[in-house]
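Taking it in order: structure first as structure tokens, then the write-up.
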Amino acid sequence: MAPLFCESGKWTIGAQKFTYTRGQKTGNVEDKIAQTLPSAILENLNRAMQRNVMPDEKLERTRYKLRLERQSLYLQLSSEYKKRDSLILNHYSDSKLKSAIQAEEKKIQEIQTKIDENLQKLKTETQIAEEKMKLLESGEDNPLEKGELSEREKFKSLFKNIFIKDESLISLEQVAFYKNDITNLFTASKEAQQEGAGSAVYEREAYAAGLNALVCGSITSYADYISVTAELYLYPGSKLCGQVTEIGSISELELLSSSLANQLLPCLTNAMPVELLLEISPKEAAQNCKIYIDDILQNSNARTIVLDSGVHNIQFISENYRTAGTSYYFEGNKKYGVSVNFEELHSGVIQVDLRNPLLGDIYMNGEKAINVEQGKSQISINGNAILGEFIAENGETSFFYIPKNKVCDQNVVTIKAKPMDRMSYIDSRRKWMYGAWSAFMISLIPAFYTYGNYVNNANLYNKGQIDYNTANSWQMASNVTRVIAIGCGLFWGYELVRYLIAANSVLPQNAKAGDLADFVNY
């Protein structure tokens, strides 16, 4: 349970421009890639995230602040010693010199006391952090071990924590981006860059810029392919908490950056493990079930599995049952119930009867069927739907589909095979459709032309400016061209329908139920 009065903090992550290895000379393209990749990685992380801040990470922040305080105090101490020693050079009387020395001694003593208090605080904070980490490792503060709290326990916990500012061993901080802009990359001084991201010089500059984490990277390029290694450093502490490598094409930088971001995500959020509670049925399937997580076989007898947070692919395999599985992002510090209800595979045989006698072979799910008699074939089944293909002697094909509800032992289905070269057929119908469309478009030109002249001459005739025969001839021409245009339009619509039917012919026909009495024992 989080403390009632907790301070919501920001955990800031940034990135720096990647570098090329092997001393490779870089041009505009390489420079753009090195600039774009870190921003693209942050962009794939650009969503509401929180980081679990552990006691050891809090300790590093405390150490850093105490170290800066000690350095400042030490400089003050050095200055006061120099002031005290320089007093004897002044022409003071004995009493005044003694008084001045005592005053400096008092200041020196005060600074030394502050240094001692600083060191004692460091020792105390270190002991507290070590104790908290031991509690975490033993599961004392792990919600997965505690289970759900009852309403009474929640009520008691509320009053227990109401006056305690920070009792939780793990605190949540909202992840933010450097200067709230993924394209704004952090640039350290040349001295810090020479020392490296793990140096104290680099740590001082990064933490002073408000960074808690920094994504660094290196690129190795060969032809059109690159290998990118991304590293995640934590500050203060200069701790390398994650390093991932991905290989991809320069033309697919988005895919490459997305993969790197997904791999860095568990390190970034510092997510705690997740617990999977498995429930497998039926009992017969559960006894022989094999569980694979990310292609690694798990203990088949375990019904509780603890994993690192992140995306995992889970597969459940049991003999004579349909394989089940899923790929899911498991968020840390949570329990997930996974229920698997295996579906039994029904074995047996099914026969396919041709309604029109044709010579050829039938393939179902890629396997050649057995010819039991003329026009009838048989294949073994396992409960799955069947995609079949009839191949005539001349090589032309016809596809069919047997839905799952018809796939049962000793069933008979019928198909009306229509083998043909469907690609040529579709191409022929497409040419006719385009030809009809062209004729329709061309027919509109005289139709609009004659209609316009007809309207114009009709107005002139009404005004008595032309004779009747001239106006009537344009009316006749308009009527004829409109009829031709309408005919071409109907012809194009007809060819369009024929083309769509031809394009639809590549879809497999659904097999129809046959007469069970026609089943041939083979």
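The values are calculated or read from the model by the stated rules, or taken from the named source; none is laboratory data. The structure displayed is predicted, hence computed values, not measured ones. Positions of Cβ are backbone-derived with ideal geometry, glycine not excepted, and every protein chain shown enters the neighbour counts. Each accessible area value is taken on the protein alone, full model and side chains, heavy atoms only, with ligands, DNA and RNA left out. Shrake-Rupley method; radii C 1.70, N 1.55, O 1.52, S 1.80 Å.
Some points to look at:
- Number of the exception - residue 518 against (1) open to solvent by less than 90 Å² (accessible area, probe 1.4 Å); (2) in contact (Cβ under 8 Å) with a residue 24 or more places away in the chain; (3) touching a helix residue (DSSP H, G or I) at 6+ places or on another chain (Cβ under 6 Å): (3)
- In region 372-382, the residues that are surrounded by 14 or more Cβ atoms within 10 Å (Cβ to Cβ) and assigned to a strand (DSSP E or B): 372, 376, 377, 378, 379, 380, 381
- Subset of region 263-285 that is in contact with a Phe, Trp or Tyr (Cβ under 8 Å, 6 or more places away or on another chain) and at pLDDT 85 or above - its residue that is surrounded by the most Cβ atoms within 10 Å (Cβ to Cβ): 285
- So residue 482, is it assigned to a helix (DSSP H, G or I), charged (D, E, K, R) and open to solvent by 50 Å² or more (accessible area, probe 1.4 Å): yes
- Selection count, region 403-416, where residues are of a type in the set (A, V, I, L, M) and modelled with pLDDT under 85: 1
- Pairs linking a residue in region 370-384 that is among the β-branched types (Val, Ile, Thr) to a residue that is part of a loop (DSSP other than H, G, I, E, B) and open to solvent by 20 Å² or more (accessible area, probe 1.4 Å), with Cβ atoms under 6 Å and 6 or more positions apart or on different chains, are 372/520; 372/522.
- Residues that are open to solvent by less than 90 Å² (accessible area, probe 1.4 Å), free of Cβ contacts under 8 Å to residues at least 40 places away in the same chain and among the polar types (S, T, N, Q), drawn from region 396-427: 397, 424
- Residue among 359, 345 that is open to solvent by 70 Å² or more (accessible area, probe 1.4 Å) and more than 17 Å from residue 516 (Cα to Cα): 359
- Among the conditions (1) closer than 30 Å to residue 245 by Cβ; (2) of a type in the set (D, E, K, R); (3) open to solvent by 50 Å² or more (accessible area, probe 1.4 Å), residue 51 misses just one, which is (3).
- Residue satisfying all of: in region 197-227; assigned to a loop (DSSP other than H, G, I, E, B) and in contact with a strand residue (DSSP E or B) (Cβ under 9 Å, 6 or more places away or on another chain); surrounded by the fewest Cβ atoms within 10 Å (Cβ to Cβ) among these: 224
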